[in-house]
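The values are calculated or read from the model by the stated rules, or taken from the named source; none is laboratory data. The structure presented is a predicted model; accordingly, all values stated were derived computationally and were not measured. Please note: Cβ atoms are built from the backbone with ideal geometry, for glycine as well, and neighbour counts cover all protein chains shown.
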Amino acid sequence: MYRSVTPIKIWIYAIVVSSFLVLVFSAYALHIFKHPNRVSNAYRKSLKETLQHLYNQDSSRTTVLFFGSSPSFFAIPNSKQLENDIELKTGLKLNLLKVNILWLNMDRLLNSEFLEYIKIYPPKILFIETNRLFVDDDWGRDSLTLLSMYESIKKGRFPNEYNEALEELLANSKFYLGVKQPIDINCNPTVHRSFFSDKFDTVAFRALKENRQLVRNFGQNQEFNEAIRHLNSKNVKVCFLELPKFSAYENTCLSPLERYKKKLLHAKYDSIFKVPTFVFNETLNDSDFFDGGHLNYKGAKKYNNWLVSLLDSIL
């Protein structure tokens, strides 16, 4: 005869198993998110091989590298098309590459070992997007941003229709959640529905505005500064790019004092390392952005036309 199991024992078993699963999940989550700015070895290897390949390209063509985060990811939707446009207009033959580390900040830059690789395999011209590289902010410290946004949707803080857009973002792009590292190499952002939208995403803009930013000082960027000094010694032309931002976004995320500090920081790099900062100086409309910090297809077209002229003047 089998002995019957009392309901209280079943409850005890269930509690023990549930507690064990919670502990396992908590340990895993802690392992993933303890170091939000880390970059996996696989992506470091991919990054190194990409820069090495660019370095070993035909020496008769000038190597140009655009390095940045999501603003340049969308602003330069097709690096090969940009390369062709430059050759068509100026006759200049380039090997042009763009590399984007999404949610880029100084900690993630250092952890990616990009600075070490670029010193070994330098391009002729290096453009570095500095929109968030020179600031410390909430998103840079929190790798759970997308998860937090998703939880906010479920709690009703954002409209339900944003759920679909977020799911598409996670599924179709290299934006990441957890240990998936967001390094895009010549990736085309056309998978994003918002990129081809004429409608300004007020929901995403509201989320962007909540991300307060503080500008770093020159002394905090010692490893970065040393890398710039080394590249200068190798006659690499280093340039900073400040990608266009919706004015209300800039004014909200950076106080007048922080904007002034950032301007002084750029001036210091120009003074010490002869690194100029190029800022898009043409008028953009609200309809050229799909949210506060990213250009849509119309804005990107204007920006790429400007880049062609900029590279023509530099080269």
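What to note about this one:
- A single entry from LYS268, LYS234, LYS274, LYS263 fulfils the requirement of being touching a residue at least 40 places away in the same chain (Cβ under 8 Å), within 28 Å of LYS302 (Cα to Cα) and of a type outside the set (Gly, Ala, Ser): LYS274.
- Count of the range 244-292 residues which are touching a helix residue (DSSP H, G or I) at 6+ places or on another chain (Cβ under 7 Å), over 20 Å from LEU133 (Cβ atoms) and surrounded by fewer than 16 Cβ atoms within 10 Å (Cβ to Cβ): 2
- When residues in the range 293-315 are screened for being hydroxyl-bearing (Ser, Thr, Tyr) and surrounded by 20 or more Cβ atoms within 10 Å (Cβ to Cβ), 1 of them pass.
- Residue in the range 238-246 that is in the same structural domain as LEU115 (by TED's automatic domain parsing), in a helix (DSSP H, G or I) and either of a type in the set (S, T, N, Q) or at pLDDT 95 or above (or both) present: no
- Single condition ASP291 does not satisfy, out of (1) under 21 Å from the mean Cα position of the chain (by Cα); (2) in a helix (DSSP H, G or I); (3) not β-branched (Val, Ile, Thr): (2)
- Test: residue in the range 217-231 that is closer than 26 Å to VAL99 by Cα, modelled with pLDDT of 95 or more, in the same structural domain as PRO77 (by TED's automatic domain parsing) and of a type in the set (Val, Ile, Thr): yes
- Within the range 270-295, tally of residues that are in contact with a strand residue (DSSP E or B) (Cβ under 9 Å, 6 or more places away or on another chain), of a type in the set (D, E, K, R) and under 12 Å from SER194 (Cα atoms): 1
- Residue within the range 100-109 that is modelled with pLDDT under 90, in contact with a helix residue (DSSP H, G or I) (Cβ under 9 Å, 6 or more places away or on another chain), surrounded by 15 or more Cβ atoms within 10 Å (Cβ to Cβ) and over 16 Å from ASN131 (Cα atoms) present: no
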